[in-house]
Amino acid sequence: MKHGVRTAARFVVIVGVFVLGLRPAPVGAAPATPRHDPKLDTLRAQVAEASAEESSLLGRIDASAARRRSLDGRVATIDRQIAAVQTDLDAAQQRLDAQQAQVAKIENRLAEARHQLGVARDDLRRRALAAYMGRSDIGRYAELVLHVRDMRQLAASSSYLSAVLQAQADSLHRAQKLGKEVERLRDDAEAARLASQTGRDAVAGRKAALEQNRQEADGLRGQVRAELADQGRALDEIQARRGEFEAQLAALQVTSDHLAELLRARQAGETATPARRGLFARPVDGPITSGFGPRVHPIFGDVRMHTGVDFGVAAGTPIRAAGDGVVVLAGPYGGYGNATVIDHGNALATLYGHQSALLVAPGDRVTRGQVIGRSGCTGYCTGPHLHFEVRVYGTPVDPLPYL
């Protein structure tokens, strides 16, 4: 928005261009001070429009702020949930670590039991081979049996052999039993480890889901923050624009009131000449590029009352008086730039704006067709042209019915 940076003081200067009146009246109106000023009405409408925009935007800002508060609360809740889940995850990880350590210890015991079983089996195989080769206790027992001299010696030898065989069998049985017990412990520990791993993975999944939710909520918060920033800038622009309109309105109201008094004193007793073609001569030879009435202002971009007509002519084009009269004003007038105002009598006056050169002074008498200045682009304009106005009792009216 280009309006927000302009100050009220600037517009007080701009309104000086309206010193010949700002209240359009019907062509040929009776000599009385007009009661309605279209410029003021336009500004009042613009103030009302800006106020409505501000109210609507404030509603949207409130809604966005509520969304942001809701998202802030949602993120805070998720953060608390993540903290709680992290505690659970730490505990689950500790349980898993303990189970893994237990499995490792049992694996070591299982390896030792398997080693003992292997030793027992190897010993059994070795003894069986030795018995086959006749070098074992059994072989020696057979040799002993062949040489016993009585039953008492045979019974003693038999008891010895039984004890040897039982010891070997017991050793093998213990090794087998230990191996099976350790394998069972290993299986139980592995099952517990897998359960701990599953529990830990489930907690980690919950945490990942919460972190995803938080990331999404953070993204939405970022969008809302950007939205609020945009809305804040828009609100600043609207408020600045409204302030600009209000400043113009206040300045124009003061100027309009002063102008009304000035015109009443100057034109007291005059009767306005009715509009007719040819009453005034065209001030320049050139096409009309902008007519009388509301339009989008080429500088400020808002809809404003265009109080005259614009002739598209090159800079330096001679400007001629539209009729006989007395120069009332000649000089710089804010947005009009260099301007001349001629009082033609019978409550009629004409204004010539944006001149590059002024060739008359206040109090000069001029005649129809006399060169009074040269066209240009002083004041607020987008290119060389002549802004021309006709005023009745100081109030701007459409110039075309008079030309």
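Side notes on the structure shown:
- Peptides 54-65, 339-350, ordered by how many other C-beta atoms sit within 10 Å of their residues on average, highest first, read 339-350, 54-65.
- Exposure proxy order (Cβ contacts within 10 Å, fewest to most) of Ser51, Ser375: Ser51, Ser375
- 12 Å beta-carbon shell around Gln81, net charge (K/R +1, D/E -1): +2
- By the count of other C-beta atoms within 10 Å, a proxy for reagent exposure, Thr289, Thr378 are ordered fewest to most as Thr289, Thr378.
- Spin-label proximity, Ala315 to segment 322-355 - amide N less than 16 Å from point 7 Å beyond Cα toward beta carbon: 337-338, 354-355
- Packing-based exposure ordering (other Cβ within 10 Å, fewest first) of Tyr380, Tyr393: Tyr380, Tyr393
- Averaged over residues, the count of other Cβ atoms within 10 Å places the peptides 235-244, 221-230 in the sequence 235-244, 221-230, highest first.
- Put the Cα centre of segment 69-125 next to the Cα centre of segment 321-341 and the gap is 96 Å.
Just so you know, all these numbers are worked out from the coordinates, no wet-lab data involved. Quick caveat: nothing in here was measured; it's all calculated off a predicted structure. Quick reminder, even Gly has a Cβ in these numbers, built from the backbone with ideal geometry, and neighbours come from all protein chains shown.
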